[in-house]
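Notes for the one structure printed next.
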Amino acid sequence: MARTARSLLQALMLPLGAAAILIGGAILLAGPTWTAGVTETLFNRVTGGHDLTPAFTPSADSELRFYAPFWITYGGLVLWIALDLRWRLGWVPPLALLFMAGGAGRLISYLEAGPPHGAFVLLMAIELILPLGMLGLWLMARRRT
(Lines give C-alpha, C1' and ligand atoms only; values in the text may rest on other atoms or scores of the structure.)
Protein backbone atom coordinates (compact mmCIF):
# COMPACT_ATOMS: atom_id res chain seq x y z
CA MET A 1 0.00 0.00 0.00
CA ALA A 2 2.74 2.47 0.92
CA ARG A 3 4.66 1.76 -2.29
CA THR A 4 1.52 2.25 -4.41
CA ALA A 5 0.74 5.51 -2.61
CA ARG A 6 4.29 6.74 -3.21
CA SER A 7 4.02 5.83 -6.90
CA LEU A 8 0.72 7.70 -7.25
CA LEU A 9 2.08 10.68 -5.35
CA GLN A 10 5.12 10.72 -7.60
CA ALA A 11 2.84 10.52 -10.66
CA LEU A 12 1.09 13.68 -9.41
CA MET A 13 4.23 15.53 -8.41
CA LEU A 14 6.31 15.04 -11.56
CA PRO A 15 3.88 16.83 -13.92
CA LEU A 16 3.14 19.45 -11.25
CA GLY A 17 6.83 20.28 -10.92
CA ALA A 18 7.38 20.34 -14.67
CA ALA A 19 4.32 22.54 -15.20
CA ALA A 20 5.47 25.00 -12.53
CA ILE A 21 8.86 25.34 -14.22
CA LEU A 22 7.33 25.77 -17.69
CA ILE A 23 4.67 28.25 -16.57
CA GLY A 24 7.11 30.24 -14.44
CA GLY A 25 9.56 30.34 -17.34
CA ALA A 26 6.86 31.51 -19.73
CA ILE A 27 5.77 34.27 -17.36
CA LEU A 28 9.35 35.38 -16.78
CA LEU A 29 10.47 35.33 -20.42
CA ALA A 30 7.33 35.82 -22.55
CA GLY A 31 5.28 37.73 -19.98
CA PRO A 32 2.08 37.14 -18.09
CA THR A 33 -0.15 38.53 -20.86
CA TRP A 34 1.22 35.99 -23.36
CA THR A 35 1.11 33.14 -20.82
CA ALA A 36 -2.47 33.90 -19.77
CA GLY A 37 -3.48 34.31 -23.41
CA VAL A 38 -2.13 30.86 -24.31
CA THR A 39 -3.84 29.33 -21.26
CA GLU A 40 -7.16 30.99 -22.10
CA THR A 41 -6.94 30.08 -25.79
CA LEU A 42 -6.27 26.41 -25.00
CA PHE A 43 -9.13 26.38 -22.48
CA ASN A 44 -11.44 28.03 -25.02
CA ARG A 45 -10.59 25.43 -27.67
CA VAL A 46 -11.55 22.63 -25.29
CA THR A 47 -14.70 24.30 -23.93
CA GLY A 48 -15.84 26.24 -26.99
CA GLY A 49 -15.36 29.58 -25.25
CA HIS A 50 -14.14 32.67 -27.05
CA ASP A 51 -13.42 35.38 -24.50
CA LEU A 52 -9.89 36.51 -23.62
CA THR A 53 -8.97 38.84 -20.80
CA PRO A 54 -7.25 42.16 -21.52
CA ALA A 55 -3.50 42.63 -21.30
CA PHE A 56 -1.86 43.04 -17.90
CA THR A 57 -0.87 46.54 -16.84
CA PRO A 58 2.87 47.26 -16.72
CA SER A 59 2.74 47.13 -12.91
CA ALA A 60 1.02 43.73 -12.90
CA ASP A 61 3.48 42.48 -15.54
CA SER A 62 6.39 43.61 -13.37
CA GLU A 63 4.93 42.00 -10.25
CA LEU A 64 4.20 38.67 -11.94
CA ARG A 65 7.64 38.47 -13.59
CA PHE A 66 9.16 39.14 -10.15
CA TYR A 67 7.29 36.15 -8.67
CA ALA A 68 7.95 33.84 -11.65
CA PRO A 69 11.38 32.66 -10.38
CA PHE A 70 9.73 31.59 -7.11
CA TRP A 71 7.25 29.47 -9.08
CA ILE A 72 10.15 28.00 -11.09
CA THR A 73 11.98 27.20 -7.85
CA TYR A 74 8.86 25.57 -6.41
CA GLY A 75 8.65 23.38 -9.51
CA GLY A 76 12.30 22.41 -9.21
CA LEU A 77 11.84 21.52 -5.55
CA VAL A 78 8.77 19.41 -6.34
CA LEU A 79 10.75 17.50 -8.99
CA TRP A 80 13.73 17.05 -6.66
CA ILE A 81 11.46 15.60 -3.98
CA ALA A 82 9.46 13.44 -6.39
CA LEU A 83 12.59 11.88 -7.88
CA ASP A 84 13.61 10.50 -4.47
CA LEU A 85 10.25 10.46 -2.76
CA ARG A 86 11.01 7.59 -0.44
CA TRP A 87 13.68 9.63 1.38
CA ARG A 88 12.11 13.07 0.95
CA LEU A 89 8.54 12.19 1.86
CA GLY A 90 8.52 14.63 4.78
CA TRP A 91 8.66 17.53 2.32
CA VAL A 92 5.27 16.69 0.81
CA PRO A 93 2.96 18.37 3.38
CA PRO A 94 4.60 21.82 3.24
CA LEU A 95 4.72 21.70 -0.57
CA ALA A 96 1.08 20.62 -0.78
CA LEU A 97 0.01 23.35 1.65
CA LEU A 98 2.02 25.98 -0.21
CA PHE A 99 0.32 24.94 -3.45
CA MET A 100 -3.06 25.13 -1.69
CA ALA A 101 -2.20 28.61 -0.39
CA GLY A 102 -1.85 29.70 -4.03
CA GLY A 103 -5.33 28.36 -4.71
CA ALA A 104 -6.61 30.21 -1.64
CA GLY A 105 -5.07 33.38 -3.06
CA ARG A 106 -7.02 32.82 -6.28
CA LEU A 107 -10.18 32.28 -4.22
CA ILE A 108 -9.64 35.56 -2.37
CA SER A 109 -9.12 37.30 -5.72
CA TYR A 110 -12.29 35.68 -7.07
CA LEU A 111 -14.29 36.95 -4.08
CA GLU A 112 -12.70 40.42 -4.00
CA ALA A 113 -12.12 41.26 -7.69
CA GLY A 114 -14.67 39.01 -9.38
CA PRO A 115 -14.46 35.86 -11.46
CA PRO A 116 -11.48 35.47 -13.78
CA HIS A 117 -11.48 33.61 -17.09
CA GLY A 118 -12.80 30.05 -16.70
CA ALA A 119 -9.29 28.63 -17.20
CA PHE A 120 -8.21 30.27 -13.95
CA VAL A 121 -11.31 29.09 -12.10
CA LEU A 122 -10.35 25.55 -13.15
CA LEU A 123 -6.77 26.13 -11.97
CA MET A 124 -8.09 27.42 -8.65
CA ALA A 125 -10.16 24.26 -8.19
CA ILE A 126 -7.12 22.10 -8.97
CA GLU A 127 -4.97 24.10 -6.55
CA LEU A 128 -7.51 23.66 -3.77
CA ILE A 129 -8.30 19.97 -4.38
CA LEU A 130 -5.03 18.39 -5.57
CA PRO A 131 -3.16 19.16 -2.31
CA LEU A 132 -5.80 17.21 -0.38
CA GLY A 133 -5.14 14.20 -2.58
CA MET A 134 -1.40 14.68 -2.14
CA LEU A 135 -1.80 14.78 1.64
CA GLY A 136 -3.97 11.66 1.59
CA LEU A 137 -1.40 9.78 -0.48
CA TRP A 138 1.36 11.09 1.80
CA LEU A 139 -0.44 9.63 4.82
CA MET A 140 -0.76 6.27 3.08
CA ALA A 141 2.84 6.36 1.87
CA ARG A 142 4.09 6.83 5.43
CA ARG A 143 2.55 3.57 6.63
CA ARG A 144 4.85 0.61 6.95
CA THR A 145 3.62 -2.60 5.38
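The values are calculated or read from the model by the stated rules, or taken from the named source; none is laboratory data. Small disclaimer: the values here were computed from a predicted structure and weren't measured. Cβ atoms come from the backbone with ideal geometry, glycine included; neighbour counts cover every protein chain shown. Protein only, heavy atoms only, side chains kept; ligands, DNA and RNA dropped before computing areas. Shrake-Rupley method; radii C 1.70, N 1.55, O 1.52, S 1.80 Å.
Counting residues in region 114-129 that are open to solvent by less than 40 Å² (accessible area, probe 1.4 Å), in a helix (DSSP H, G or I) and closer than 16 Å to Leu9 by Cβ gives zero.
Candidates in region 39-52 are the residues that are open to solvent by 60 Å² or more (accessible area, probe 1.4 Å) and part of a helix (DSSP H, G or I); of these, the one that is nearest to Ala19 (Cα to Cα) is Leu42.
Considering (1) charged (D, E, K, R); (2) outside any helix (DSSP H, G or I); (3) modelled with pLDDT of 95 or more, the lone condition that Asp61 does not fulfil carries the number (2). Looking across Ala36, Ala55, one residue alone is more than 15 Å from the chain's Cα centre (by Cα) and either assigned to a loop (DSSP other than H, G, I, E, B) or of a type in the set (A, V, I, L, M) (or both). It is Ala55. Mind listing whichever residues of region 22-38 are open to solvent by 60 Å² or more (accessible area, probe 1.4 Å) and of a type outside the set (Phe, Trp, Tyr)? Leu22, Ile23, Leu28, Leu29 - these are the residues of region 22-38 that are open to solvent by 60 Å² or more (accessible area, probe 1.4 Å) and of a type outside the set (Phe, Trp, Tyr).
Looking across region 54-65 at every residue that is of a type outside the set (D, E, K, R) and touching a helix residue (DSSP H, G or I) at 6+ places or on another chain (Cβ under 9 Å), the one that is surrounded by the fewest Cβ atoms within 10 Å (Cβ to Cβ) is identified as Pro54.
Evaluated against (1) surrounded by 13 or more Cβ atoms within 10 Å (Cβ to Cβ); (2) not in a helix (DSSP H, G or I), Ala82 falls short on exactly one condition, (2).
The residue list Leu111, Leu14 contains one member that is open to solvent by 50 Å² or more (accessible area, probe 1.4 Å) and in contact with a helix residue (DSSP H, G or I) (Cβ under 9 Å, 6 or more places away or on another chain), which is Leu14. Beta carbons closer than 8 Å, at least 6 apart along the sequence or on distinct chains, pair a first residue in region 20-47 that is touching a residue at least 60 places away in the same chain (Cβ under 8 Å) and over 20 Å from Glu63 (Cβ atoms) with a second that is assigned to a helix (DSSP H, G or I) and open to solvent by 60 Å² or more (accessible area, probe 1.4 Å) for Phe43/Leu122.
A single member of Ala96, Ala68 is part of a helix (DSSP H, G or I), touching a Gly at 6+ places or on another chain (Cβ under 7 Å) and open to solvent by less than 40 Å² (accessible area, probe 1.4 Å), and it is Ala68.
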